[in-house]
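*Asks:* The structure under discussion is supplied below as structure tokens; questions concerning it will follow.
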Amino acid sequence: MAVYRRSYKPYSGTLTAERSRFLVLFRYSRRNLFRSKFLTVFFVLCFFWPIACLAWIYVAHSASFLAKLGLRSEFVSIDNKFFLIFMSVQGVLAFLLTAFAGPGLISPDLANGALPLYFCRPFSRAEYVLGKSSVLGILLSQITWVPGVILFLIQASFAGATWTWDNLWIAGSLILSSLILIAILSLLAMALSAWVKWRIVAGALLLAVMFFGAGFAQAINAVLRTDSGHFFDLVYLIATVWTNLFLVDNDRAISAGQAWIAILVYCLFCLWLLLRKVRAYEVVR
Amino acid sequence: MSTTSQLGAPASASENTLAGTPPVRLIELNGLTVRFGDRDILRGLTASLGGRAIGLLGPNGAGKSTLINTLLGFYKPVAGSAKVFGHDIHTDIRFIRSLVGYTPENDAFISKMNAVSFIQMMGELSGLPSKVALERAHEALFYVGLAEARYRKLGTYSLGMKQLAKLAQAIVHGPKLLILDEPTNGLDPSARQRMIRMIREIRDAKEMRVVLCSHLLRDVEDTCDEVLILKNGQIAHYSNLDEERRANKRFLELEIYGANGDFTAAVERLGCECAVSANRMKMVLAEGIDSRDIFRIAADQQVRIRRMNFRRDSLEDIFLKAMES
């Protein structure tokens, strides 16, 4: 129908599948995010470290290059510690990316009262959260486990079948450690933005939770002479789980199991906060 | 307390029928109770509405918006049930939402999106394929009169334009029922007139049924054929305006000169009820009596009738009576 005609007619065509409609939100939210030049540049910068790691893997398997540098091959061994360092750097970048992109996903909808328009359609709150979180999920996946697994496969192709078979668990650790990070960062960013409804404040709050949490934990440990303060330090909890996943020796104040449970509790708490706020109308009691 | 009323009939069976289904009422409420905290906002509403355009009237806080939000599944009733097009809000809310277009009372948009993208997104969320949604977004914006401004960001729109944009997103997916919550709020007189004209057009096009929630009597009177008046979460009154208009055609107001008691007595002998004050007379015509009989008696009595009006209760009268009851 020509758009210049002022007319209205009901729609009788086919409808899209209901289970895939959350992807509509994903598509529009992602498009809005990448309108920011800063985010685009930062996203590209996030691939510099994986490229550097790739170069390191190449060097480790280039005997002639090592000989020129006068290095022994043991000095540049590619093992679980290498991948943990890779993940640690990418984890920091993922956090910064979340702090920039996460709060802008939900807060504009809440600030402008747009939620009733979503939920008066055949579209649930769970689908809304899924659609919005999938933006961060895919964005963070692109800079964490996807390049990690690619590096692992390249290393495997250089090192041969024996190394690959012996270290296959590293690939699993890469994926699992990334998923933990993605889950906690996404939920935390969205829950905070849903509560403060202001993008900049939500970003600042996310930084505060991560950094001041560590300070708060240290203060509790010092004052109460305990190690329980670490449960308030998300970075410490994630690091504890990661070192456990990558089988790196560490002297942690809390066990990996406790850290897993604490992270799970944080995730559930964020989800609860999120679902309390993501409603068509908030009932003021 | 429960207020019960079996209300209004649809204009015709076909108008009240969804394709392939038997005739159903537009909205059926059965003891619907909604509570926030320890306060009952809706108290056992029971009604059956079938009009083409239904007005929800009531003072602020009467429960109009709560009723709409409950029908859309935003609030869970603590007792009773409600049906929209025969579908229960407890079990079929997703299907009900697919039939409904809704414009909320307050600002509801994403300020950094332009109107076309926003309405396209809303269309896609309702299940339209992307290309169709884009086409219909343009169509809806042309329809509501925002064609020239459709590529502007919604945050730059005036209040009237935002109301129209909300209307456009509500109709983009071709709903069967359009729910408008205070659509003329904050509009200047010309913008209000334009909105009312558009609602009338939508009603008369017969593609959609309309539920208009407002505290402005004039808006409801101009657009609706059925009115449900709420007060303190209860149904204070139901009125079928069309029937009301017909029924009140028997109510006359006269300005008369030269009358004495004989004229009144002669009229009353015909079975009419009269009330006289100075040279004004109000009467309810008896069955089978019309204005010609009154003129004939006036001629016999040499009474001059200077003015004769058929007066019906305005919606304001109905509303005030409902509020007093």
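The values are calculated or read from the model by the stated rules, or taken from the named source; none is laboratory data. In this text the structure is predicted, and so the values were computed from the model without any measurement. Ideal geometry is used to build each Cβ from the backbone, glycine not excepted, and the neighbour counts take in all protein chains shown.
*Asks:* Go through the range B:217-290 and tell me which strands (runs of 3 or more DSSP E), entirely inside it, have 2 or more residues that are among the small types (Gly, Ala, Ser). Full working, then the answer.
*Replies:* On the way: elements: B:226-231, B:234-240, B:251-257, B:273-277, B:280-284.
Strands (runs of 3 or more DSSP E) meeting the threshold: B:234-240, B:273-277.
*Asks:* Something else: Which one is nearest to the chain's Cα centre (by Cα), of the residues in the range B:68-79 that are in a loop (DSSP other than H, G, I, E, B) and surrounded by fewer than 18 Cβ atoms within 10 Å (Cβ to Cβ)?
*Replies:* We begin by selecting, within the range B:68-79, every residue in a loop (DSSP other than H, G, I, E, B); these are B:72-78.
Within this subset, residues satisfying the condition of being surrounded by fewer than 18 Cβ atoms within 10 Å (Cβ to Cβ) are B:76, B:78.
On the way: B:76: 24, B:78: 26 Å.
Here the answer is B:76.
*Asks:* Run residue B:274 past the list (1) touching a residue at least 12 places away in the same chain (Cβ under 8 Å); (2) surrounded by 15 or more Cβ atoms within 10 Å (Cβ to Cβ) and report the number of the one that doesn't hold.
*Replies:* Failed condition: (1).
*Asks:* Right, here's the next one. Restricting to the range B:80-95, and then to whatever is under 17 Å from residue B:56 (Cβ atoms) and either within 11 Å of another protein chain (Cβ to nearest Cβ) or of a type in the set (Val, Ile, Thr) (or both), can you tell me which residue is nearest to the chain's Cα centre (by Cα)?
*Replies:* Only one residue fits best here, namely B:84.
*Asks:* Further, regarding this structure: Taking residue B:173 and the conditions (1) within 30 Å of residue A:23 (Cβ to Cβ); (2) more than 8 Å from every other protein chain (Cβ to nearest Cβ), which numbered condition does it fall short on, given that it satisfies the others?
*Replies:* Going through the list (1) within 30 Å of residue A:23 (Cβ to Cβ); (2) more than 8 Å from every other protein chain (Cβ to nearest Cβ), residue B:173 breaks only (2).
*Asks:* A further question follows. Test residue B:267 against the stated conditions and say whether it is outside the structural domain of residue B:286 (by TED's automatic domain parsing) and either under 20 Å from residue B:285 (Cα atoms) or within 16 Å of the chain's Cα centre (by Cα) (or both).
*Replies:* When the stated conditions are applied, residue B:267 does not pass them.
*Asks:* State all residues of the range A:7-63 that are buried (at least 18 other Cβ atoms within 10 Å of the Cβ) and in a loop (DSSP other than H, G, I, E, B); if no residue qualifies, say none.
*Replies:* Scanning the range A:7-63 gives A:8, A:11, A:16, A:21, A:46.
*Asks:* Moving on. If a residue must be of a type in the set (Val, Ile, Thr) and more than 7 Å from every other protein chain (Cβ to nearest Cβ), how many such residues does the range B:96-115 contain?
*Replies:* 2
*Asks:* Across the range A:239-285, what is the total count of residues that are over 30 Å from residue B:69 (Cα atoms) and either within 14 Å of chain B (Cβ to nearest Cβ) or hydrophobic (A, V, I, L, M, F, W, C) (or both)? Spell out the reasoning first.
*Replies:* We begin by selecting, within the range A:239-285, every residue over 30 Å from residue B:69 (Cα atoms); these are A:239-267.
If we keep only those that are either within 14 Å of chain B (Cβ to nearest Cβ) or hydrophobic (A, V, I, L, M, F, W, C) (or both) as well, we get A:239, A:241-242, A:245-248, A:253-254, A:256, A:259-265, A:267.
Total meeting the criteria: 18.
*Asks:* If you take the residues of the range A:115-131 that are outside any helix (DSSP H, G or I) and free of Cβ contacts under 8 Å to residues at least 40 places away in the same chain, which of them is surrounded by the fewest Cβ atoms within 10 Å (Cβ to Cβ)?
*Replies:* A:124
*Asks:* Can I ask one more? Is it the case that the range B:57-71 has a residue that's under 18 Å from residue A:280 (Cβ atoms), in contact with a helix residue (DSSP H, G or I) (Cβ under 6 Å, 6 or more places away or on another chain) and in the same structural domain as residue B:177 (by TED's automatic domain parsing)? Spell out how you get there, then give the answer.
*Replies:* First, the residues of the range B:57-71 that are under 18 Å from residue A:280 (Cβ atoms): B:63-71.
When the remaining residues are screened for being in contact with a helix residue (DSSP H, G or I) (Cβ under 6 Å, 6 or more places away or on another chain), the result is none.
Among the residues of the range B:57-71, not one is under 18 Å from residue A:280 (Cβ atoms), in contact with a helix residue (DSSP H, G or I) (Cβ under 6 Å, 6 or more places away or on another chain) and in the same structural domain as residue B:177 (by TED's automatic domain parsing), which makes the answer no.
*Asks:* Please find, within the range A:248-271, the residue that is nearest to residue A:195 (Cα to Cα) out of those that are touching a helix residue (DSSP H, G or I) at 6+ places or on another chain (Cβ under 6 Å) and assigned to a loop (DSSP other than H, G, I, E, B).
*Replies:* This residue is A:254.
*Asks:* Continuing with this model, one more query. Taking only the range A:67-87 into account, find how many residues are assigned to a helix (DSSP H, G or I) and farther than 29 Å from residue A:173 by Cα. Spell out the reasoning first.
*Replies:* Within the range A:67-87, the subset assigned to a helix (DSSP H, G or I) is A:67-69, A:73-76, A:80-87.
Now narrow it down to the ones that are farther than 29 Å from residue A:173 by Cα: A:67-69.
Of the residues in that region, 3 qualify.
*Asks:* Would you confirm, using the coordinates I've provided, whether residue B:30 is in a strand (DSSP E or B), farther than 27 Å from residue B:317 by Cβ and either at pLDDT 90 or above or not assigned by TED's automatic domain parsing to the domain that holds residue B:96 (or both)? Before you say what the answer is, go through the steps one by one.
*Replies:* Details: in a strand (DSSP E or B): yes; farther than 27 Å from residue B:317 by Cβ: yes; either at pLDDT 90 or above or not assigned by TED's automatic domain parsing to the domain that holds residue B:96 (or both): yes.
Answer is yes for this residue.
*Asks:* Just a yes or no: is a residue in the range B:131-139 more than 24 Å from residue A:34 (Cβ to Cβ) and away from chain A (no Cβ under 11 Å)?
*Replies:* Applying the first criterion (more than 24 Å from residue A:34 (Cβ to Cβ)) to the range B:131-139 yields B:132, B:135-136, B:138-139.
With the extra rule that they be away from chain A (no Cβ under 11 Å), the set shrinks to none.
No, the range B:131-139 contains no residue that is more than 24 Å from residue A:34 (Cβ to Cβ) and away from chain A (no Cβ under 11 Å).
*Asks:* Looking at (1) under 30 Å from residue B:40 (Cα atoms); (2) modelled with pLDDT of 90 or more; (3) exposed (fewer than 15 other Cβ atoms within 10 Å of the Cβ), which is the one condition that is false for residue A:285?
*Replies:* Every listed condition holds for residue A:285 apart from (2).
Yes or no, residue by residue, for (1) crowded, with 18+ Cβ neighbours inside 10 Å; (2) touching a residue at least 40 places away in the same chain (Cβ under 8 Å); (3) outside the structural domain of residue B:193 (by TED's automatic domain parsing); (4) under 21 Å from residue A:111 (Cβ atoms):
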position: B:112; (1), (2), (3), (4): no, yes, no, yes
position: B:125; (1), (2), (3), (4): yes, no, no, yes
position: B:130; (1), (2), (3), (4): no, no, no, no
position: B:147; (1), (2), (3), (4): no, no, no, no
position: B:152; (1), (2), (3), (4): no, no, no, yes
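*Asks:* Restricting the range B:177-211 to residues that are touching a strand residue (DSSP E or B) at 6+ places or on another chain (Cβ under 9 Å), surrounded by 18 or more Cβ atoms within 10 Å (Cβ to Cβ) and assigned to a loop (DSSP other than H, G, I, E, B), which is farthest from the other protein chains (Cβ to nearest Cβ)?
*Replies:* Across the range B:177-211, the extreme among qualifying residues is B:184.
*Asks:* Listed residues A:237, A:188; which is surrounded by 15 or more Cβ atoms within 10 Å (Cβ to Cβ), more than 23 Å from residue A:278 (Cβ to Cβ) and touching a residue at least 12 places away in the same chain (Cβ under 8 Å)? I'd like the intermediate steps shown before the answer.
*Replies:* Details: A:188 fails: more than 23 Å from residue A:278 (Cβ to Cβ).
Every option except A:237 fails the conditions.
*Asks:* Follow-up question, since we're still on this one. For the range B:287-310, indicate whether the set of residues that are touching a residue at least 60 places away in the same chain (Cβ under 8 Å) and small (Gly, Ala, Ser) is non-empty. Walk me through it before giving the result.
*Replies:* At the first step, the residues of the range B:287-310 found to be touching a residue at least 60 places away in the same chain (Cβ under 8 Å) are B:310.
Going one step further and asking which of them are small (Gly, Ala, Ser), we end up with none.
The answer is no, given that none of the residues of the range B:287-310 is touching a residue at least 60 places away in the same chain (Cβ under 8 Å) and small (Gly, Ala, Ser).
*Asks:* Would you check which residues across the range B:55-79 are away from chain A (no Cβ under 14 Å) and touching a Cys at 6+ places or on another chain (Cβ under 6 Å) and list them? Give the steps one after another, and end with the answer.
*Replies:* Initially, the range B:55-79 is screened for residues away from chain A (no Cβ under 14 Å), giving B:55-60, B:62, B:79.
Of everything in the range B:55-79, those that are away from chain A (no Cβ under 14 Å) and touching a Cys at 6+ places or on another chain (Cβ under 6 Å) turn out to be B:55, B:56.
*Asks:* Output the number of residues of the range B:271-288 satisfying the condition of being under 15 Å from residue B:304 (Cβ atoms) and touching a Leu at 6+ places or on another chain (Cβ under 8 Å).
*Replies:* 2
*Asks:* Now for a separate question. So, in the range A:81-114, exactly how many residues are closer than 18 Å to residue A:271 by Cβ and buried (at least 23 other Cβ atoms within 10 Å of the Cβ)? Even if it seems obvious, please write down each step before you answer.
*Replies:* Taking the range A:81-114 first, the residues closer than 18 Å to residue A:271 by Cβ are A:98, A:102-103, A:105-107, A:109-110.
Subsequent filtering for residues that are buried (at least 23 other Cβ atoms within 10 Å of the Cβ) retains A:98, A:102-103, A:105-107, A:109.
Within the range A:81-114, residues that are closer than 18 Å to residue A:271 by Cβ and buried (at least 23 other Cβ atoms within 10 Å of the Cβ) number 7.
*Asks:* Also: Which of the residues that make up the range A:254-276 are crowded, with 17+ Cβ neighbours inside 10 Å and not polar (S, T, N, Q)? Give the steps one after another, and end with the answer.
*Replies:* In the first step, residues of the range A:254-276 are kept if they are crowded, with 17+ Cβ neighbours inside 10 Å; the result is A:254, A:258-259, A:262-263, A:266-267, A:270, A:273-274.
Matches in the range A:254-276: A:254, A:259, A:262, A:263, A:266, A:267, A:270, A:273, A:274.
*Asks:* For the range B:280-322, give me the residue count where each residue is under 30 Å from residue B:62 (Cα atoms) and buried (at least 16 other Cβ atoms within 10 Å of the Cβ).
*Replies:* To start, the set of residues in the range B:280-322 that are under 30 Å from residue B:62 (Cα atoms) comprises B:311-322.
Now restrict to residues that are buried (at least 16 other Cβ atoms within 10 Å of the Cβ): B:312-313, B:315, B:318-319, B:322.
Final tally of qualifying residues: 6.
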